[in-house]
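Enquirer: Below is the structure I would like to discuss, written out as structure tokens.
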Amino acid sequence: MALEKVITNDRIEIVGDYRLIHIRTKTAVLEDGVELSSSYHRNVIAPGDDVSGETTEIQDIAATVHTQAVIDAYAAHLAAQAQEPEAE
């Protein structure tokens, strides 16, 4: 009887005008190759975020979709949001 914990990025999506990268990570516990349980965690990577701790696959995706133009547009969007008055 061998228990094994397997962590995989089982879903990667590119979302919206600013190409946010949504990652769903699955953690599965296996016994002799049979899945006993699993859980999911989600993470979002925005343009300009540090991806050095991510897998090579995620780093490659970020390098492709987070062009300087997208990073600049996202930064401008965040700056504009910060200037909007809060609703009461």
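Laboratory data are not the source of any read-out in this text; all were calculated from the coordinates shown. Here the structure is a predicted model, which means the values were calculated and not measured. Don't worry about glycine lacking a Cβ; one is built from the backbone with ideal geometry, like all the others, and counts go over all protein chains shown.
Enquirer: Tell me what the chain gives for mean residue ellipticity at 222 nm when only DSSP H runs of n ≥ 4 count, each as -39,500 (n - 2.57), the sum divided by the residue total, rounded to 500 deg cm²/dmol. Don't jump to the answer; show the numbers that get you there.
Expert: On the way: 2 runs with 26 residues, N = 88.
Value at 222 nm, helices only, nearest 500: -9500 deg cm²/dmol.
Enquirer: For the peptides 39-45, 61-67, what is the packing order when you average, over each peptide's residues, the other Cβ atoms within 10 Å and list the highest mean first?
Expert: Those peptides, ordered most packed to least, come out 61-67, 39-45.
Enquirer: Dividing the alpha-carbon Rg of the chain by 2.2 N^0.38 Å yields what?
Expert: That ratio works out to 1.47.
Enquirer: Do you know the relative contact order of the chain, to the nearest whole percent, from alpha carbon pairs under 8 angstrom that are 6+ apart? Could you put the intermediate results ahead of the total?
Expert: Values: 115 pairs, mean separation 19.7, N = 88.
Here the relative contact order equals 22 percent.
Enquirer: Right, something else. Give me a comma-separated list of calculated 3J(HN,Hα) values for the stretch 13-30, in order, Karplus coefficients 6.51, -1.76, 1.60 applied at θ = phi - 60°, integers in Hz, x for any Gly or Pro.
Expert: Per residue, the Karplus-derived 3J(HN,Hα) values read 10, 9, 10, x, 5, 9, 6, 5, 9, 9, 10, 10, 9, 9, 10, 10, 10, 10 Hz.
Enquirer: Using the Cβ atoms and a cut-off under 10 Å, what net charge is assigned to the surroundings of Ala2, where Lys and Arg are +1 and Asp and Glu are -1?
Expert: -3
Enquirer: So, R0 is 30 Å and r is the distance between the beta-carbons of Ala76 and Thr27; what FRET efficiency does that work out to, to 0.05?
Expert: The value I calculate is 0.25.
Enquirer: Relative to the Cα centre, what is the charge dipole magnitude of the stretch 3-83, using +1 at the beta carbon of each Lys and Arg, -1 at the beta carbon of each Asp and Glu, and rounding to the nearest 20 debye?
Expert: Value, rounded to 20: 260 debye.
Enquirer: Also, quick follow-up: Excluding Pro47 itself, calculate the net charge of residues whose Cβ lies under 12 Å from the Cβ of Pro47, where each Lys or Arg counts +1 and each Asp or Glu counts -1. Please list the in-between numbers first.
Expert: On the way: positive: Arg19; negative: Asp17, Asp49, Asp50, Asp72.
Charge balance near Pro47 sits at -3.
Enquirer: What is the distance, in nm, between label points placed 7 Å from the Cα along the Cα-to-Cβ direction at Tyr40 and at Thr55?
Expert: So the label points at Tyr40 and Thr55 sit 1.6 nm apart.
Enquirer: Moving on to the next point. Counting other Cβ atoms within 10 Å of each Cβ, which GluC sites (Glu not before Pro) in the stretch 1-45 have at most 11 and sit in a DSSP loop?
Expert: none
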